[in-house]
1. Take peptides 147-155, 110-118 and line them up by average Cβ neighbours within 10 Å, highest first, as a rough protection proxy.
2. Tell me the relative contact order for the chain as a rounded percent, counting alpha carbon contacts under 8 Å between residues six or more apart.
3. Out of all DSSP beta bridges with both ends in the chain, state the antiparallel percent to the nearest 5.
4. Taking only C-alpha pairs under 8 Å that are 6+ residues apart, what is the relative contact order of the range 17-105 in percent?
5. Answer rounded, prolate or oblate for the range 97-203, using the Cα gyration tensor with square roots of eigenvalues a ≥ b ≥ c: rounded when a/c is under 1.5, else prolate when a/b is larger than b/c, else oblate.
6. Gaussian network model of the chain, Cα springs within a sub-10 Å range: biggest mean-square fluctuation belongs to which of LEU34, LEU80, LEU120?
7. Determine the calculated [θ] at 222 nm for the chain from helices alone, applying -39500 (n - 2.57) to every DSSP H run no shorter than 4 residues and normalising by the residue count; nearest 500 deg cm²/dmol.
8. With each pseudo-label sitting 7 Å past Cα toward Cβ, what's the ASP199-ALA30 distance in nm, one decimal?
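The values are calculated or read from the model by the stated rules, or taken from the named source; none is laboratory data. Just so we're clear, the structure is a prediction, and the values are computed from it rather than from any experiment. Cβ sites come from the backbone with ideal geometry, for glycine too, and all protein chains shown count toward neighbours. Just so you know, the surface numbers come from the protein's heavy atoms only, side chains and all, with ligands and any DNA or RNA stripped out. Shrake-Rupley method; radii C 1.70, N 1.55, O 1.52, S 1.80 Å.
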Amino acid sequence: MTWLSIHDPDGPVRATLILAHGAGGNRDAAVLRLLGEELAQRAVRTLRIDLPYRRVRPKGPPSPSGQAADRAAFAETARLLEIDGPVIWGGHSYGGRMASMAVAEGPDRPDVLLLSSYPLHPPGRPEKARTAHLPDIAIPTVFVHGKRDPFATSHELADAAALVTGPTTVVEVSAAHDLAPAKSGAPAKAADAVIAALDQLNA
């Protein structure tokens, strides 16, 4: 499948993450690749996917009319690959927003949600907060946030995370929206937080 890349652990698989990209990117984004590598070292299989709009067009932003298909891609990927065991849905920016909306809408839901650089509002437009669905998320959720992200200040992100009704963790790094994954430590810190969220499932 040309829209899918897989990071397999060397040993037994503890959980599987379905991970999507930001609006302008694809599954090969550095933040996704490095996160997949970190999680594979922690027994989590990562499936980096191109969302449906990216499978149709190699460049360009998503269309509002295609958001339903983008949201459905997480559950459809899980069914297509017949995933067993705990499942995590997540993504960077737009991909995370689609994953979070899919979790809120149901009926299919994962065990854990990972939101990397959640685009809380358009830069400079805090009144356009994308928070209405967050109270409908009742599973462990990990937010990974850059302190210089123009899509949300640290305080705004913390307030948004508090709306989620499941357990939440906010991981902050010194970076902007792209999380500077090669030097900020974001992939390793995010991977550790995902493992802690999985541990909560069995507590």
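1. Per-residue Cβ counts within 10 Å, averaged per peptide and sorted highest first, yield 110-118, 147-155.
2. Details: 432 pairs, mean separation 37.9, N = 203.
So the answer I get is 19 percent.
3. On the way: 4 of 30 bridges.
So the antiparallel bridges in the chain amount to around 15 percent.
4. Numbers: 118 pairs, mean separation 37.0, N = 89.
The value is 42 percent.
5. Working: a/c = 2.02, a/b = 1.13, b/c = 1.78.
Judged from the Cα gyration tensor, the range 97-203 comes out oblate (a/c at least 1.5, b/c at or above a/b).
6. The residue with the greatest mean-square fluctuation here is LEU80.
7. Numbers: 7 runs with 70 residues, N = 203.
Roughly -10000 deg cm²/dmol at 222 nm, from the helical runs in the chain.
8. Simple spin-label model gives 3.0 nm for this pair.
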